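Written out below as structure tokens is the structure these notes cover.
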Amino acid sequence: MTDSDLHADFCVVGAGPAGLTLALLLLRSGASVAVLERSRSLDREYRGEILQPGGAALLDALGVLEGARMRGSHEHTGFRFVDRGRVLLNADYGRLPGPYNHLLSLPQRHVLEELLKSCGEFDSFTYLPGCKAGDLLRDFAGRVHGVVADRGTRVVRAHCVVGADGRYSKIRSLAGIDTAREEAFEHDVLWFKLPAVDDGPAQVRISRAGGNPVLVYRSFPDSVQVGWTLPHGGYRDVADRGIEHVRDRIAQAVPEYAELVASRLSALSDLTLLDVFTQEARTWAADGLVLIGDAAHTHSPIGAQGINLAVQDAVTLHPVLMASLREGDAGAPVLDRFVRARRPAVRKVMRVQTLQSKAMLSQNPVAARIRPRMASLVSRTPLYGRILRHVAYGDPDIHVADDLFVRG
């Protein structure tokens, strides 16, 4: 122990939606929280911007949604799947009960800034930006009780450590927790933004015109976010042919933006590759340690579930952690209460995403022939409404445990 050791009830590694939502919940419940974030600022590139109604409702219950929206956002009335000019699926979110009956294109930075601002109102909050975790503190029995960061110059001791540091989690690696990666998707995604020349699409849209399917939606402030799909693992083959070839292929897929693509994409560095896969940690909890968000389970961008799952993980874990603090026990059996509550719902999302990807993105000729008929059939059955509610809300039983908040 050194004089510079920091002590907190909880040490959260990763200041993303999962980590900061959890930190705010814990702080409002009277706990002390230290958050370590390897990036020095929030001014960086994000791709996960679409917020589903379920996540919006939880962030609103925390009092941060309005402030995040005031920083800038776009409402979308729903999701539309268009195949060569024919609308095969029009998921109208207006059919859902208000007020959470729309999609939000909400820059992730705006959500994080509002969460961080709210956390900063508590004297029991310590934020350490630019702080890289390097090792885990363990006692003689192997139980985790803190984090060593910045090459040993910073030590944070805690009742429990939470790994919320993303799909390539350092905390997960330090804990020696293996992952099961599944190549369940046929596509990766190349993301880029174009300036908006009009009000843009009113819906989040997957479009199949010529070539590979494309995801398109209006993005704040005045841009259109485009995700061009390409065969999984096939980026190198495409990139080796140069930016002109890539531009031509993208222009075929989104002919309405062909001129902007030609003028705005000047180098491969203008594109961001997302390697699409599913992955689940072998275990989400160990003695003194729990994983949430992408650190525990990684998903496809299909269905815009990333922020939803992150926030719902945090809301579900919050009462479990507060109970562990009261009981003085952060052992794996206690933390497994969270795992048992969340794992079935998370796996259900994974299954639905796999079906969505095959239905809308597959280039298989058989799938192309039956796609219009299946889309028409599904949209006229009660199954459509159930799928829409599941995609929009996730687990409907998740609510903020505000009874644990310290009043005043």
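Consider the stretch 96-117. How many of its residues are over 19 Å from the mean Cα position of the chain (by Cα) and at pLDDT 95 or above? I'd like the intermediate steps shown before the answer.
So in the stretch 96-117, the residues over 19 Å from the mean Cα position of the chain (by Cα) come out as 96-99, 101, 117.
Imposing the further condition that a residue be at pLDDT 95 or above reduces the set to 117.
Counting residues in the stretch 96-117 that are over 19 Å from the mean Cα position of the chain (by Cα) and at pLDDT 95 or above gives 1.
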For the structure I just gave you, tell me whether D198 is more than 30 Å from S324 (Cα to Cα) and free of Cβ contacts under 8 Å to residues at least 12 places away in the same chain.
yes
Those residues of the stretch 257-299 which are within 22 Å of D188 (Cβ to Cβ), in contact (Cβ under 8 Å) with a residue 24 or more places away in the chain, part of a loop (DSSP other than H, G, I, E, B) and open to solvent by 10 Å² or more (accessible area, probe 1.4 Å), in sequence order:
A267, L271, D275, H299
Near pairs, Cβ below 6 angstrom, 6+ apart or cross-chain, from the stretch 346-361 (in a helix (DSSP H, G or I)) to any residue that is modelled with pLDDT under 75:
T354/A184; S357/F185
Taking only pairs six or more apart or across chains, which ones have beta-carbon atoms under 6 Å, a first residue in the stretch 121-139 that is over 12 Å from R154 (Cα atoms), and a second residue that is assigned to a loop (DSSP other than H, G, I, E, B) and at pLDDT 95 or above?
S124/S32
Would you say A314 is part of a helix (DSSP H, G or I) and at pLDDT below 95?
no
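Checking the conditions here, which among V406, V334, V400 is assigned to a helix (DSSP H, G or I) and modelled with pLDDT of 90 or more? Let's see the steps before the verdict.
Details: V406 fails: assigned to a helix (DSSP H, G or I); V400 fails: assigned to a helix (DSSP H, G or I).
The conditions single out V334.
Return yes or no: is L377 at pLDDT below 75 and either open to solvent by 10 Å² or more (accessible area, probe 1.4 Å) or part of a helix (DSSP H, G or I) (or both)? Give the derivation first.
Working: at pLDDT below 75: yes; either open to solvent by 10 Å² or more (accessible area, probe 1.4 Å) or part of a helix (DSSP H, G or I) (or both): yes.
Against the criterion (at pLDDT below 75 and either open to solvent by 10 Å² or more (accessible area, probe 1.4 Å) or part of a helix (DSSP H, G or I) (or both)), L377 qualifies.
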When the residues of the stretch 119-132 are filtered to those that are out of contact with any Lys or Arg (no Cβ under 9 Å at 6 or more places or on another chain) and surrounded by 20 or more Cβ atoms within 10 Å (Cβ to Cβ), which remaining residue is nearest to A310 (Cα to Cα)?
C119
Here are the criteria: (1) under 21 Å from D270 (Cβ atoms); (2) open to solvent by less than 60 Å² (accessible area, probe 1.4 Å). Tell me which single one D248 does not satisfy.
(2)
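Looking at R40, R44, R71, which is the one that is within 28 Å of G227 (Cα to Cα) and either among the β-branched types (V, I, T) or touching a strand residue (DSSP E or B) at 6+ places or on another chain (Cβ under 9 Å) (or both)? Break it down into steps so the answer makes sense when it comes.
Working: R44 fails: either among the β-branched types (V, I, T) or touching a strand residue (DSSP E or B) at 6+ places or on another chain (Cβ under 9 Å) (or both); R71 fails: either among the β-branched types (V, I, T) or touching a strand residue (DSSP E or B) at 6+ places or on another chain (Cβ under 9 Å) (or both).
The match here is R40.
Confirm whether A367 is at pLDDT below 85, open to solvent by less than 50 Å² (accessible area, probe 1.4 Å), aliphatic (A, V, I, L, M) and not in a loop (DSSP other than H, G, I, E, B). Write out each step before concluding.
Numbers: at pLDDT below 85: yes; open to solvent by less than 50 Å² (accessible area, probe 1.4 Å): yes; aliphatic (A, V, I, L, M): yes; not in a loop (DSSP other than H, G, I, E, B): yes.
Spelling it out, A367 is indeed at pLDDT below 85, open to solvent by less than 50 Å² (accessible area, probe 1.4 Å), aliphatic (A, V, I, L, M) and not in a loop (DSSP other than H, G, I, E, B).
Look at R71 and say whether it is of a type outside the set (S, T, Y), touching a Pro at 6+ places or on another chain (Cβ under 9 Å) and within 22 Å of T381 (Cβ to Cβ). Talk me through it step by step, then tell me what you get.
Working: of a type outside the set (S, T, Y): yes; touching a Pro at 6+ places or on another chain (Cβ under 9 Å): yes; within 22 Å of T381 (Cβ to Cβ): no.
Taking the combined requirement at face value, the residue does not satisfy it.
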If you go through V148, V162, V156, the only one that is free of Cβ contacts under 8 Å to residues at least 40 places away in the same chain, part of a strand (DSSP E or B) and open to solvent by less than 50 Å² (accessible area, probe 1.4 Å) is V148
Suppose the filter is of a type in the set (F, W, Y), at pLDDT below 95 and closer than 30 Å to I171 by Cα; does Y93 pass it?
no
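Just to be sure, is D139 on the phi < 0 side of the Ramachandran plot and more than 25 Å from the chain's Cα centre (by Cα)?
Numbers: on the phi < 0 side of the Ramachandran plot: yes; more than 25 Å from the chain's Cα centre (by Cα): yes.
Against the criterion (on the phi < 0 side of the Ramachandran plot and more than 25 Å from the chain's Cα centre (by Cα)), D139 qualifies.
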From the list L230, L215, which residue is closer than 19 Å to D188 by Cβ, open to solvent by less than 20 Å² (accessible area, probe 1.4 Å), in a strand (DSSP E or B) and modelled with pLDDT of 85 or more?
L230
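The values are calculated or read from the model by the stated rules, or taken from the named source; none is laboratory data. Remember, predicted model here, so these are calculated numbers, not experimental data. Every residue, glycine as well, gets a Cβ built from its backbone with ideal geometry; the counts of neighbours run over all protein chains shown. In case anyone asks, the SASA skips ligands and DNA or RNA and just uses the protein heavy atoms, side chains included. Shrake-Rupley method; radii C 1.70, N 1.55, O 1.52, S 1.80 Å.
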